[in-house]
Amino acid sequence: MRCLGKGMRLLGRSYWCVAILAGLTAPLEGADLLPYDIVEDSIPNSLTGAAGDAAAGRAAFIDRDRGHCLLCHSVSSIEDPFHGTIGPDLSAIGSSLTAGQLRFRVVDQTRLSADTVMPAYYRVKGLRQVDPPFQGKPILTAQEVEDVVAYLASLKEAPE
Amino acid sequence: MTLRAVIASLIGAGVLVFTITGVVAQSPTERAIDDADLKSGYDFQSEDTRALQDDDFANPGFLWVDKGAALFSEKAGKNDRACTTCHTDTVRSIKGAAARYPSVDEKTGQLINIEQRINLCRERHQQAEPLSYESEDLLAMTAYVAHQSRGQPFNAKTDGTAQSHFEAGRDYYYARKGQMNLACHHCHEWNWGQMLRGDRLSQGHGNGYPAYRFEWQTIGSLHRRLRNCDKGVRAEPLPFGAQEYVDLELYLAWRASRLTLETPSVRR
């Protein structure tokens with residue numbers, strides 16, 4: 001702030017100050033992550049402001065280079081011989097958690113439970129030794145988070 | 001000395017004793033996995049893979065062990081000496097040596113692994129060029145040397161001059177890293193035996209390295225495997241031979257406890 005104040009007084013230097021500040025914060029902030037509000041254990045509102053697409057979410061859920069959620073979780077309706085057993089089974093997760101609760105867990109589960117092994121899929125801060133190609137980038141884009149949330153919310157218990 | 005000074009010095013001494021006992025309490029005595037539950041990577045392989053490792057004639061890792069044996073007795077460098085000039089079965093035998101590594105090099109005070117010891121010997125005693133990490137010759141010689149400790153449990157020193165390296169290795173083991181923000185223990189202590197899709201998570205012991213891995217179609221060093229782990233959590237892999245990895249090797253050797261060396265092991 002002091003730097004900015006000085007910059008305002010010395011107009012010619014202010015650009016340098018802002019440029020330096022931007023240069024320092026940009027790599028830490030990374031991509032423009034959209035802001036979100038947490039209400040209890042939920043992020044009630046869509047990150048993008050629009051509902052996600054469940055079919056696209058299913059693809060991102062399986063895709064090795066995007067969510068790859070199947071690495072740790074199982075979903076009975078996905079026909080694949082290999083499902084993970086590290087996280088809980090998600091076959092009917094839409095019956096036990098709301099879309100907002102699912103969104104919070106996908107965005108940053110560590111904020112709910114510090115010891116979790118589940119990565120934060122929409123976070124770029126507070127990480128260390130990140131491989132350069134992934135620096136400043138969340139694992140999933142906001143759109144992909146919304147698509148995955150829509151897919152998970154659609155996983156309901158089969159009617160009796 | 002005033003009463004106040006006496007009290008102050010007593011408090012000071014108390015703090016010192018507390019600090020010392022605090023350090024002792026942190027010294028490595030307890031492992032996260034009970035000895036009774038310890039499992040080598042071998043136990044997580046398919047029956048076919050285990051059979052391949054068990055058969056010294058079929059195990060592909062022996063191609064490198066045999067090549068290493070040949071290199072071990074081949075003269076190299078300006079001094080025109082072979083490893084066998086100094087190391088015989090009875091004098092400076094390398095039987096059981098690998099089980100004591102990583103080890104602190106007395107001259108430099110650095111913690112070094114077998115690969116680095118081989119290169120130090122080349123430099124100091126043979127006046128030969130160091131072999132590059134992950135080269136066929138260094139893998140072969142490392143496999144040969146490690147094989148001379150097959151069946152023995154790790155017995156590397158973790159105290160004294162090695163203690164700071166041990167602690168640095170432990171810190172690396174437990175540090176979250178990468179875009180996935182995961183530490184080694186999240187998989188290999190908390191979730192061993194679970195399925196990562198088609199793969200069963202092992203306890204992450206390094207007792208079979210250099211190991212022949214099907215995914216590599218060749219033998220590879222422990223550092224190659226560690227780099228793959230880092231890449232797996234989208235962390236920047238460290239260079240081959242990085243001090244952090246050698247320190248981690250020491251921590252891994254300690255946590256492997258009574259598991260015995262298997263080099264050359266065969267892994268998926």
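Quickly run through region A:86-114 and pick out the residues that are under 26 Å from B:Leu201 (Cβ atoms), touching a helix residue (DSSP H, G or I) at 6+ places or on another chain (Cβ under 7 Å) and assigned to a helix (DSSP H, G or I).
Residues satisfying the conditions are A:Ile93, A:Leu102, A:Val106, A:Val107.
Within region B:181-193, identify whether any single residue is charged (D, E, K, R), more than 15 Å from the chain's Cα centre (by Cα) and outside any loop (DSSP other than H, G, I, E, B), and answer yes or no.
As a first pass, look at region B:181-193 and keep what is charged (D, E, K, R): B:189.
Retained after the next criterion (residues that are more than 15 Å from the chain's Cα centre (by Cα)): B:189.
From the residues that got through so far, the ones that are outside any loop (DSSP other than H, G, I, E, B) too are none.
No - not one qualifying residue is present in region B:181-193.
Could you go through region B:154-177 and let me know if any residue there is farther than 17 Å from B:Tyr245 by Cβ, within 14 Å of another protein chain (Cβ to nearest Cβ) and crowded, with 18+ Cβ neighbours inside 10 Å.
Yes, some residue in region B:154-177 is farther than 17 Å from B:Tyr245 by Cβ, within 14 Å of another protein chain (Cβ to nearest Cβ) and crowded, with 18+ Cβ neighbours inside 10 Å.
Mind listing just one residue for me: the one in region B:223-253 that is in a loop (DSSP other than H, G, I, E, B) and within 10 Å of chain A (Cβ to nearest Cβ) and, of those, farthest from A:Pro138 (Cα to Cα)? Even if it seems obvious, please write down each step before you answer.
The first filter runs over region B:223-253 and keeps only residues in a loop (DSSP other than H, G, I, E, B), leaving B:233-234, B:236-242.
Retained after the next criterion (residues that are within 10 Å of chain A (Cβ to nearest Cβ)): B:233-234, B:236-238.
Details: B:Val233: 13, B:Arg234: 12, B:Glu236: 16, B:Pro237: 19, B:Leu238: 22 Å.
Here the answer is B:Leu238.
This table checks each residue for (1) more than 20 Å from A:Ala150 (Cβ to Cβ); (2) touching a residue at least 60 places away in the same chain (Cβ under 8 Å).
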residue	(1), (2)
A:His68	no, no
A:Gly87	no, no
A:Gly100	no, yes
A:Arg111	yes, yes
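Which condition breaks for A:Ala99 when tested against (1) among the small types (Gly, Ala, Ser); (2) at the interface with chain B (Cβ under 9 Å from one of its Cβ atoms); (3) under 20 Å from A:Phe61 (Cβ atoms)?
So A:Ala99 meets the others, but not (2).
Mind listing just one residue for me: the one in region A:122-142 that is more than 9 Å from chain B (Cβ to nearest Cβ) and part of a loop (DSSP other than H, G, I, E, B) and, of those, surrounded by the fewest Cβ atoms within 10 Å (Cβ to Cβ)?
Per the stated criteria, the residue is A:Lys125.
Collect the residues in region A:80-94 that are more than 9 Å from chain B (Cβ to nearest Cβ) and buried (at least 17 other Cβ atoms within 10 Å of the Cβ), keeping them in residue-number order.
Residues satisfying the conditions are A:Gly87, A:Leu90, A:Ser91, A:Ile93, A:Gly94.
For B:Phe62, which of the numbered conditions (1) out of contact with any helix residue (DSSP H, G or I) (no Cβ under 8 Å at 6 or more places or on another chain); (2) free of Cβ contacts under 8 Å to residues at least 40 places away in the same chain fails to hold?
(2) is the only condition that B:Phe62 fails.
Yes/no per residue for (1) β-branched (Val, Ile, Thr); (2) within 30 Å of B:Trp192 (Cβ to Cβ); (3) in a helix (DSSP H, G or I):
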{"position": "A:Ala55", "(1), (2), (3)": "no, no, yes"}
{"position": "A:Ala59", "(1), (2), (3)": "no, no, yes"}
{"position": "A:Leu70", "(1), (2), (3)": "no, yes, yes"}
{"position": "A:Val75", "(1), (2), (3)": "yes, yes, no"}
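Of the conditions (1) aliphatic (A, V, I, L, M); (2) within 20 Å of B:Ile219 (Cα to Cα); (3) in contact with a strand residue (DSSP E or B) (Cβ under 9 Å, 6 or more places away or on another chain), B:Leu138 satisfies every one except a single condition; which number is it?
(3)
Tell me, which residue of region A:143-160 that is among the acidic types (Asp, Glu) and surrounded by fewer than 21 Cβ atoms within 10 Å (Cβ to Cβ) is farthest from the chain's Cα centre (by Cα)? Outline the logic, then answer.
First pass over region A:143-160, keeping only residues among the acidic types (Asp, Glu): A:144, A:146-147, A:157, A:160.
From what's left, surrounded by fewer than 21 Cβ atoms within 10 Å (Cβ to Cβ): A:157, A:160.
On the way: A:Glu157: 25, A:Glu160: 34 Å.
The selected residue is A:Glu160.
Name every residue in region A:107-121 that is more than 10 Å from chain B (Cβ to nearest Cβ), surrounded by fewer than 21 Cβ atoms within 10 Å (Cβ to Cβ) and of a type outside the set (S, T, N, Q), in order of residue number.
Passing the criteria: A:Arg111, A:Leu112, A:Ala114.
In region B:194-205, which residue that is assigned to a loop (DSSP other than H, G, I, E, B) and either more than 19 Å from A:Pro88 (Cα to Cα) or more than 8 Å from every other protein chain (Cβ to nearest Cβ) (or both) is nearest to the chain's Cα centre (by Cα)? Steps first, please.
Let us first name the residues in region B:194-205 that are assigned to a loop (DSSP other than H, G, I, E, B), namely B:194, B:197-198, B:201-205.
Next, only the ones that are either more than 19 Å from A:Pro88 (Cα to Cα) or more than 8 Å from every other protein chain (Cβ to nearest Cβ) (or both) stay: B:202-205.
Details: B:Ser202: 16, B:Gln203: 14, B:Gly204: 11, B:His205: 9 Å.
Result: B:His205.
Within the bounds of region B:21-29, is there any residue that is surrounded by fewer than 11 Cβ atoms within 10 Å (Cβ to Cβ), over 26 Å from the mean Cα position of the chain (by Cα) and modelled with pLDDT under 95?
Checked against the condition, which is being surrounded by fewer than 11 Cβ atoms within 10 Å (Cβ to Cβ), over 26 Å from the mean Cα position of the chain (by Cα) and modelled with pLDDT under 95, region B:21-29 yields at least one hit.
The values are calculated or read from the model by the stated rules, or taken from the named source; none is laboratory data. Quantities reported herein were computed from a predicted structural model and do not represent experimental measurements. Counting neighbours? That spans all protein chains shown, and the Cβs are built from the backbone with ideal geometry, glycine included.
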